[in-house]
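My questions will all concern the structure given below.
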Amino acid sequence: MMALTVLFACLSCVPPDVFAQAPANQSAMISYAAQRGDTLYTVAQRYLQEIDDWRVIARINRVPAPRQLKPGTTLRLPVALLRREPLAARVVATSGNATYAIGNAPPLPLVPGVSLSEGDSIATGKTGFATIEFDDGSHVSLAHETVVTLATLTRTLLGEASERRLELRRGEVESEVTHAKKLRDRFEIRAAPIVAGVRGTHFRVNGGEQTSAVEVLDGVACGTNLSRADRPGLN
């Protein structure tokens with residue numbers, strides 16, 4: 001077993017299969033080959049967040065006539081503008097005192113079979129324990145006295161890249177993450193002041209008010225510092 005402890009310092013990344021998950025690059029692009037009958041309007045309507053975003057891809061790709069798009073034309077689409085669909089997580093095991101909350105609603109008992117969505121928070125008590133499973137088979141287990149928020153659970157319609165981001169408010173989580181199938185698949189756990197991100201490994205993250213730590217159980221994990229603006233509760 002190898003342990004990496006972080007005290008307001010960066011962890012170092014090693015292999016390309018395991019990497020730090022920094023905030024999404026606003027200038028990142030994804031390619032799309034136009035199909036017969038496509039126009040910039042239909043491409044924007046199908047794959048981008050707003051139909052008016054056709055103006056953005058017209059400017060980026062220098063397409064003067066949005067209704068005249070030759071089949072096979074390669075378009076560059078900004079990843080930041082891609083439409084996303086929600087993902088879900090499922091509770092597979094609990095014991096002791098464990099609850100979940102939807103937004104600001106009062107907490108409810110956490111039991112196996114409960115479906116969790118983006119924005120939901122999970123809390124375990126002094127004797128509590130819970131394990132949640134994601135659609136790709138990844139698992140996250142919460143130790144006692146742990147609070148976690150499912151900050152992001154989405155998948156892009158184009159490219160089907162998934163993003164799963166958990167915010168560890170306090171306590172300890174242990175993760176077994178399935179190897180990413182897509183280049184842009186993202187799985188990260190934020191515990192101020194670090195972000196622990198992987199593309200397939202088994203690791204544990206501890207979060208506290210002053211320090212955070214990543215303990216690698218199988219493979220290699222890495223992380224980065226969070227700026228003050230990115231740390232939960234410090235904005």
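The values are calculated or read from the model by the stated rules, or taken from the named source; none is laboratory data. The model shown is predicted, which means the values in this text are computed figures rather than measured ones. With ideal geometry, Cβ positions are generated from the backbone for all residues, glycine too; neighbour counts draw on all protein chains shown. For the accessible areas, the whole protein counts, side chains as well, though only heavy atoms, and no ligand, DNA or RNA atoms are used. Shrake-Rupley method; radii C 1.70, N 1.55, O 1.52, S 1.80 Å.
Check A123, A161 and return the single one that is closer than 30 Å to G37 by Cα and surrounded by 17 or more Cβ atoms within 10 Å (Cβ to Cβ).
Numbers: A123 fails: closer than 30 Å to G37 by Cα.
Just a single option satisfies the conditions, and that option is A161.
Before we move on, is R155 crowded, with 17+ Cβ neighbours inside 10 Å, at pLDDT 90 or above and of a type in the set (K, R)?
Working: crowded, with 17+ Cβ neighbours inside 10 Å: yes; at pLDDT 90 or above: yes; of a type in the set (K, R): yes.
Criteria met by R155.
In segment 47-79, what residues are within 15 Å of E160 (Cα to Cα) and surrounded by 14 or more Cβ atoms within 10 Å (Cβ to Cβ)?
Keep residues of segment 47-79 that are within 15 Å of E160 (Cα to Cα), which gives 47-49, 77-79.
Y47, L48, L77, P78, V79 - these are the residues of segment 47-79 that are within 15 Å of E160 (Cα to Cα) and surrounded by 14 or more Cβ atoms within 10 Å (Cβ to Cβ).
What are the pairs, 6+ residues apart or on separate chains, where a residue within segment 139-161 that is closer than 17 Å to E176 by Cβ has its Cβ under 6 Å from a residue that is of a type in the set (S, T, Y)?
Final answer for the pair search is H139/T131; V140/S175; S141/T131; L142/T124; T146/T124.
Consider P109 against the criteria (1) more than 16 Å from L87 (Cα to Cα); (2) in contact with an Asp or Glu (Cβ under 9 Å, 6 or more places away or on another chain); (3) open to solvent by 10 Å² or more (accessible area, probe 1.4 Å): it satisfies all of them except one. Which criterion is unmet?
Checking P109 against (1) more than 16 Å from L87 (Cα to Cα); (2) in contact with an Asp or Glu (Cβ under 9 Å, 6 or more places away or on another chain); (3) open to solvent by 10 Å² or more (accessible area, probe 1.4 Å), the one that fails is (2).
Just to be sure, is A88 surrounded by fewer than 17 Cβ atoms within 10 Å (Cβ to Cβ) and at pLDDT below 95?
On the way: surrounded by fewer than 17 Cβ atoms within 10 Å (Cβ to Cβ): yes; at pLDDT below 95: yes.
So A88 passes the test.
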